[in-house]
Amino acid sequence: MATYDLGRECAVCGAIIGDMNPDGVGAECRHVYYGARKVIHNQVKERAYKYYGTKARIFMPVFIEKHKDVKFRSKFKKSFYPSVVKQWEEKGFLSKKQLEICLSWLGYKIDYNTEKELLGEVHNEEKKILKTWQPTDDERDQIVKLAETYRRNLRENDS
Ligand SMILES: [Zn+2]
């Protein structure tokens, strides 16, 4: 974890918290805190790139494998498949639109459970990226401020 001191008060709302909160945030604020952590993580371009690339990294090998022996009839598919594979293998990057197309094709090639499993992998990987990220002290301050805002908004919506 990062190098800040952990008080016994929740970093977001100031409530007294126990030792079971190693990140210095109480259970009630955990949700807003991790939401804010994700936003601050992804405000740096390279980090956002890694985070949002997770889905492509997990789905593309499956997409490529499932279509490698397909004889495409449509002209579009015939040219799209090799070009998107080439781009993926050489650059490791797809546009949002390209990925959308790949996923829509893949929808016909894998069953519901496989898709669910792959999405679970994406989710775990994203969680891992956020969990292993160590914010600087300044970033930690930004996370706390943003989490406080989220919390205030939640309260206002409640009342
Ligand atoms: Zn709190």
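The values are calculated or read from the model by the stated rules, or taken from the named source; none is laboratory data. Quick caveat: nothing in here was measured; it's all calculated off a predicted structure. Glycine gets a Cβ as well: all are built from the backbone with ideal geometry, and neighbour counts include every protein chain shown. Calculation scope for accessible area: heavy atoms of the full protein, side chains included, ligands and nucleic acids excluded. Shrake-Rupley method; radii C 1.70, N 1.55, O 1.52, S 1.80 Å.
Quick test for you: out of His41, His67, pick the one residue that is more than 16 Å from the ligand (Cβ to nearest atom) and either more than 30 Å from Lys96 (Cβ to Cβ) or touching a Pro at 6+ places or on another chain (Cβ under 8 Å) (or both).
Answer to the selection: His41.
Take Ala36 and tell me if it is open to solvent by 50 Å² or more (accessible area, probe 1.4 Å), within 16 Å of the ligand (Cβ to nearest atom) and of a type in the set (A, V, I, L, M).
So Ala36 does not fit the description; no.
Taking Phe72, is it among the aromatic types (Phe, Trp, Tyr) and part of a helix (DSSP H, G or I)?
When the stated conditions are applied, Phe72 does not pass them.
If you go through segment 15-31 one residue at a time, how many are part of a loop (DSSP other than H, G, I, E, B), near the ligand (Cβ under 10 Å from one of its atoms) and farther than 18 Å from Pro135 by Cα?
3
So Gly18 clears everything in (1) of a type in the set (Gly, Ala, Ser); (2) more than 21 Å from Arg155 (Cβ to Cβ); (3) crowded, with 19+ Cβ neighbours inside 10 Å except one condition, right? Which one?
Failing condition for Gly18: (3).
Please enumerate the residues belonging to segment 101-115 that are surrounded by 11 or more Cβ atoms within 10 Å (Cβ to Cβ) and more than 11 Å from Phe63 (Cα to Cα).
Thr114, Glu115
Quick one: Met60 ticks every box in (1) in a helix (DSSP H, G or I); (2) more than 18 Å from the chain's Cα centre (by Cα); (3) surrounded by 12 or more Cβ atoms within 10 Å (Cβ to Cβ) except a single one, so which number is it?
Just one mismatch for Met60, condition (2).
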